[in-house]
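Just below is one structure, and these are the notes that go with it.
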Amino acid sequence: MLRTIAVLYVTGLVALPVASVVQHTFADGLAPVIEVITSEDFLAALRLTAIVAGIAVTINTVFGVGMSLLLVRYRFRGRRFISAVIDLPVSISPIVVGVALILVYGSYGWFGGALEDAGFRVIFAVPGMVLATVLVSLPLVLREIVPTLEEAGIEQEQAAQSLGAGPWQRFWRITLPTIKWALAYGVALSLARSMGEFGAVRVVSGSVAGVSQTLTLYVNDSYQEFGAQAQQQAFAAAFVLMAIAVVLIVVIAALRPKEDRS
Amino acid sequence: MSQHPGRSGGRSGEPSGIVVRGVHRKFGDFVALDDVDLEVKPGGLTALLGPSGGGKSTLLRIIAGLDYPDRGTVEIAGQDATFLPPQRRSVGFVFQHYAAFKHLTTARNVAFGLEIRKRPKNEVAEKVQELLELVHLEQFADRLPSQLSGGQRQRMALARALAVEPEVLLLDEPFGALDAKVRKELRDWLRRLHDEVHVTTLFVTHDQEEALEVADEIVVINEGRIEQVGSPGDLYDRPANDFVMSFLGPVTRLAGELVRPHDVEVLLDERAGAVEVTVTKLLRVGYEVRAETLAADGSTPWVQLNRVQVDELGLQVGAVVWLRALVVRAAA
Amino acid sequence: MSLVAQVDRATPTARGRGRRPGELTRGAGLGLGIGVLWLSLLVLLPIAAIVSTAFEDGIAGFWEAITDPEALAAIRFTVGAAALVTLVNAVIGTLIAWVLVRDQFPGKRILEVIIDIPFALPTIVAGLVLITLYGPGGPFGINLVGTQAGVVLALLFVTLPFVVRSVQPVLIDADREVEQAAASLGASGFVIFRRVILPTITPAVVSGAALSFARALGEFGSVILISANLIGKTQVSSSYILKMIESQEPVAAAAVATLLLGVAVVVLVMLDVIQRRTARRG
């Protein structure tokens, strides 16, 4: 009984709609899809998505590893506050995230004017999109690493220290191997979130086709246009995003048991 | 690294001692160590014995550089080491929960310190082989720690600590996480190992039996102070105070005096200095018999006897007998 | 070898005392400084900008902005929909978690993977996905575009994993012997659930529900396509904020954003309290 309810609910809400998108995308065969994904605008959007997500994930990985070490291994004033601040951006609307960035780094924002005078444009440019993406995936790496670090404790590092290992040697030889699965899991989650971000990027990008349009914006903009051709673009791009998401889920699912086993 | 000052010590040369002077350590309001002075003899196997929370682990960690004193000094091999970071102290540290490097094989665990010191590969391999043989783990060289038993992991941790030829070897409740049988085996084994390598060894334990059985010298620590230092025999027979006496073996109170229950004479008639009691319970544990009694003053001294003694005395519950201490403790 | 020695020598012994575990070393202190600076530029300043913009025209201005009929309708609808979605998730999410942990059936592994799809799927794609099935020309003949039900459906989609994923590990860890003990004492299935299982999983249900509430409150990408953004009917707060910022009305945008921000902070604090309490008990 319970099983039936669970399966029906999940099927109706998730599985069927996803399957229907696949069917929609390939309704007219493979050729129109290939046409879309080799079009200039699509490729530009794909490239921009890769750049923005790549930079954002790199930043969040470095930040997540460093900050989780600080939060777990050290005691200092404001520790809990910092931890809470890191969690905040994912709990608020992506639109609010975007608006907040505009109010500080936009042309009429607190710093935007000064930055633009210095020749550095943040909002309606790649840096703003990176900032927005970093914000919406800020804690993902960190929250995966923290429990692993806590569970591993400090003794292995102390043992390494008493055997003569300095700080960097301890990090590379002991800490990093300890957290590697959690780190991989966190990176995969961040990548999924970063590639799929829409709202926050929508606010700060301006979404000009071929220039500041990521894949998710491409989907939206195409769908909002009328005509079969535009619909086909939306579905093809959505399918690509979905395929990436499914690959990442599989990677994530494969990583999860390894993390539990350690 | 081999030109480390004082490095001539370790396993090849003269063993080095540890000198602790006036070490004080507070955690908030709690005084963990109260101006502790201690000299650990070179080449010995010394036990730091005391109840939990008595400060023994804190002292060990301060000697290892994993914690620092509020005041006082620590000297290792004649060198002031008080504020040296652990990696420069040349101490081997063995943790209660092994602290095995989970991602490395047994051999790589043991090789760790040597790899850090960038020793040549063949030298490392040779040394690791030698140490694995010493701790009887040669056939487990390629296993991960998760594939070893607790006792094996602890032997690996010991080999790992010995690999870098430390001046002193520090063990923090090394057998505390093991079950009783393995624990007893490892005790004997540590004793024999020490007879072989002679590195100055200091180990923390709260188990008096372990300390009495393994150590050459015992340091009894309680409430942040050293109560007594001496050989196992000394401490058992000539405890400096009631705490040491009651911590290092069974005690019972007879006419207000602490005595060992096996040093009490059971008499069937009244004699000078003997206390009249009624037997309330006879508890047989194998060959031993524990006789519980009730004295007129309401105290309940007990006596440790054996079956032959009980039969000879014809002891029964309800019988009235007289107890007299055989060994009177010299005033400390 | 010399590298190690040099790095170590940098720790001065003459400074009078060494560092205890947990005390910041110079390197860690520097790292913390950089981290805090980064967080300030990235999170704290932008949030401060929102709050200060919201109150640019004083409290009266803020009040006026959030009581604007269009804003009020959007807030009311968003909060109501989020509350409804949270309630549904608390029940069905717990049920799904239960099935995943305690039930064995072919295809369970697939169900596990499908649960994660809403997390990994870009929100705009999620919106598109729902429209193909529950939009015009869908196979069931149901058209939810431009209806409040459509918005609720989108919110249910994106918040599906929260309760499931927070209750699941608790159920896995739950001691089956306690249930068996209860059964041996004569408790019926329902009584065991209410008296033994429910108290164990309640913190996890609440924290999962709180997360889905926060998410639903701020959701944008998955709802814009299906909501058709009808003012006073299906417009959500996020859409309203976007519309205001795009029509150069930062105060109106910031005021509603501040409100959402406040709710998010309350939810986070509540979660922290729950986690602390559970951690103390466990």
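At a glance:
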{"item": "Matching entry among A:V203, A:V211 (being in a helix (DSSP H, G or I) and out of contact with any Asp or Glu (no Cβ under 6 Å at 6 or more places or on another chain))", "result": "A:V203"}
{"item": "Looking only at segment A:74-100, and only at residues there that are part of a helix (DSSP H, G or I) and of a type in the set (G, A, S), the one that is nearest to A:S205 (Cα to Cα)", "result": "A:G98"}
{"item": "Verdict on C:L44 being modelled with pLDDT of 55 or more, open to solvent by 40 Å² or more (accessible area, probe 1.4 Å), at the interface with chain A (Cβ under 9 Å from one of its Cβ atoms) and on the phi < 0 side of the Ramachandran plot", "result": "yes"}
{"item": "Whichever residue in segment C:134-179 is over 26 Å from the mean Cα position of the chain (by Cα) and hydrophobic (A, V, I, L, M, F, W, C) and, among such residues, is surrounded by the fewest Cβ atoms within 10 Å (Cβ to Cβ)", "result": "C:F140"}
{"item": "Selection within segment B:200-211 - more than 14 Å from chain A (Cβ to nearest Cβ), surrounded by 18 or more Cβ atoms within 10 Å (Cβ to Cβ) and not hydroxyl-bearing (S, T, Y)", "result": "B:F203, B:V204, B:H206, B:Q208, B:E210, B:A211"}
{"item": "Failed item, numbered, when B:V168 is tested on (1) farther than 18 Å from B:A99 by Cα; (2) in contact (Cβ under 8 Å) with a residue 12 or more places away in the chain; (3) surrounded by fewer than 21 Cβ atoms within 10 Å (Cβ to Cβ)", "result": "(3)"}
{"item": "Residues that are touching a residue at least 12 places away in the same chain (Cβ under 8 Å), facing another protein chain (nearest Cβ under 8 Å) and not aromatic (F, W, Y), drawn from segment A:225-246", "result": "A:A234, A:A238, A:L241, A:M242, A:A245"}
{"item": "Wholly within segment C:141-223, helices (runs of 4 or more DSSP H) carrying at least 2 residues that are more than 28 Å from C:A82 (Cβ to Cβ)", "result": "C:148-173, C:176-184, C:189-192"}
{"item": "Pair list, Cβ < 6 Å and 6+ apart or interchain, from segment B:100-127 residues that are more than 20 Å from B:P166 (Cβ to Cβ) to residues that are open to solvent by less than 40 Å² (accessible area, probe 1.4 Å)", "result": "B:K102/B:P145; B:H103/A:P177"}
{"item": "Yes/no for C:G221 being more than 10 Å from chain A (Cβ to nearest Cβ) and either farther than 20 Å from A:S91 by Cβ or buried (at least 24 other Cβ atoms within 10 Å of the Cβ) (or both)", "result": "no"}
{"item": "Residue in segment B:254-273 that is in contact (Cβ under 8 Å) with a residue 60 or more places away in the chain, in a loop (DSSP other than H, G, I, E, B) and either touching a Phe, Trp or Tyr at 6+ places or on another chain (Cβ under 9 Å) or among the acidic types (D, E) (or both) present", "result": "yes"}
{"item": "Residue under evaluation A:L70, criteria (1) open to solvent by less than 20 Å² (accessible area, probe 1.4 Å); (2) without any contact (Cβ under 8 Å) to a residue 60 or more places away in the chain; (3) more than 17 Å from C:T25 (Cα to Cα), criterion not met", "result": "(3)"}
{"item": "Pairs, first free of Cβ contacts under 8 Å to residues at least 40 places away in the same chain in segment B:131-145, second in a loop (DSSP other than H, G, I, E, B) and open to solvent by 30 Å² or more (accessible area, probe 1.4 Å), C-beta under 6 Å, six or more apart", "result": "B:D142/B:T105"}
{"item": "Per-region count, segment A:79-120, residues more than 7 Å from chain C (Cβ to nearest Cβ) and open to solvent by 40 Å² or more (accessible area, probe 1.4 Å)", "result": "14"}
{"item": "The one condition in (1) under 16 Å from B:Q79 (Cα atoms); (2) open to solvent by 10 Å² or more (accessible area, probe 1.4 Å) that B:T58 fails to fulfil", "result": "(1)"}
{"item": "Qualifying position, being open to solvent by 20 Å² or more (accessible area, probe 1.4 Å), modelled with pLDDT under 95 and closer than 18 Å to C:Y240 by Cα, among C:T67, C:T53", "result": "C:T67"}
{"item": "Odd one out for C:I124 among (1) without any contact (Cβ under 8 Å) to a residue 24 or more places away in the chain; (2) facing chain A (nearest Cβ under 7 Å)", "result": "(1)"}
{"item": "Subset of segment B:213-225 [within 14 Å of the chain's Cα centre (by Cα) and open to solvent by 50 Å² or more (accessible area, probe 1.4 Å)]", "result": "B:E213, B:D216"}
{"item": "Helices (runs of 4 or more DSSP H) wholly inside segment B:77-190 that include at least 3 residues being away from chain A (no Cβ under 14 Å)", "result": "B:121-134, B:150-163"}
{"item": "Residues satisfying the stated conditions in segment B:127-164, i.e. among the polar types (S, T, N, Q) and either touching a Ser or Thr at 6+ places or on another chain (Cβ under 6 Å) or open to solvent by less than 10 Å² (accessible area, probe 1.4 Å) (or both)", "result": "B:Q154"}
{"item": "Among the candidates B:V229, B:V251, B:V285, B:V244, residue that is exposed (fewer than 15 other Cβ atoms within 10 Å of the Cβ) and either within 18 Å of the chain's Cα centre (by Cα) or free of Cβ contacts under 8 Å to residues at least 24 places away in the same chain (or both)", "result": "B:V285"}
{"item": "Test: residue in segment A:48-61 that is of a type in the set (V, I, T) and not in a helix (DSSP H, G or I)", "result": "no"}
{"item": "Qualifying residues in segment C:74-94 (those that are hydrophobic (A, V, I, L, M, F, W, C) and open to solvent by less than 30 Å² (accessible area, probe 1.4 Å)) - the one nearest to the other protein chains (Cβ to nearest Cβ)", "result": "C:I92"}
{"item": "Residues of segment B:1-26 classified as touching a Ser or Thr at 6+ places or on another chain (Cβ under 9 Å) and modelled with pLDDT of 90 or more, total", "result": "7"}
{"item": "Residue selected from segment C:225-276 under the condition without any contact (Cβ under 8 Å) to a residue 24 or more places away in the chain and not in a helix (DSSP H, G or I), by the criterion farthest from the other protein chains (Cβ to nearest Cβ)", "result": "C:S247"}
{"item": "Residue pairs meeting the criteria (Cβ under 7 Å; at least 6 apart or on separate chains; first within 22 Å of C:G138 (Cα to Cα), in segment A:23-37; second assigned to a loop (DSSP other than H, G, I, E, B))", "result": "A:V33/A:F26"}
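Quick grid of which residues meet (1) farther than 30 Å from C:N143 by Cβ; (2) modelled with pLDDT of 90 or more:
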{"position": "C:G218", "(1), (2)": "no, yes"}
{"position": "C:V236", "(1), (2)": "no, yes"}
{"position": "C:S239", "(1), (2)": "no, yes"}
{"position": "C:K243", "(1), (2)": "no, yes"}
{"position": "C:A253", "(1), (2)": "yes, yes"}
{"position": "C:L261", "(1), (2)": "yes, yes"}
{"position": "C:V266", "(1), (2)": "yes, no"}
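Yes/no per residue for (1) aromatic (F, W, Y); (2) away from chain C (no Cβ under 11 Å); (3) crowded, with 20+ Cβ neighbours inside 10 Å:
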residue: A:I145; (1), (2), (3): no, yes, yes
residue: A:E157; (1), (2), (3): no, no, yes
residue: A:W172; (1), (2), (3): yes, yes, no
residue: A:A188; (1), (2), (3): no, no, yes
residue: A:F198; (1), (2), (3): yes, no, yes
residue: A:V208; (1), (2), (3): no, yes, no
residue: A:Y223; (1), (2), (3): yes, no, yes
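The values are calculated or read from the model by the stated rules, or taken from the named source; none is laboratory data. What you see is a predicted model, and the numbers here were worked out from it, not measured in a lab. Ideal geometry is used to build each Cβ from the backbone, glycine not excepted, and the neighbour counts take in all protein chains shown. Surface accessibility is based on the protein's heavy atoms, side chains included, excluding ligands, DNA and RNA. Shrake-Rupley method; radii C 1.70, N 1.55, O 1.52, S 1.80 Å.
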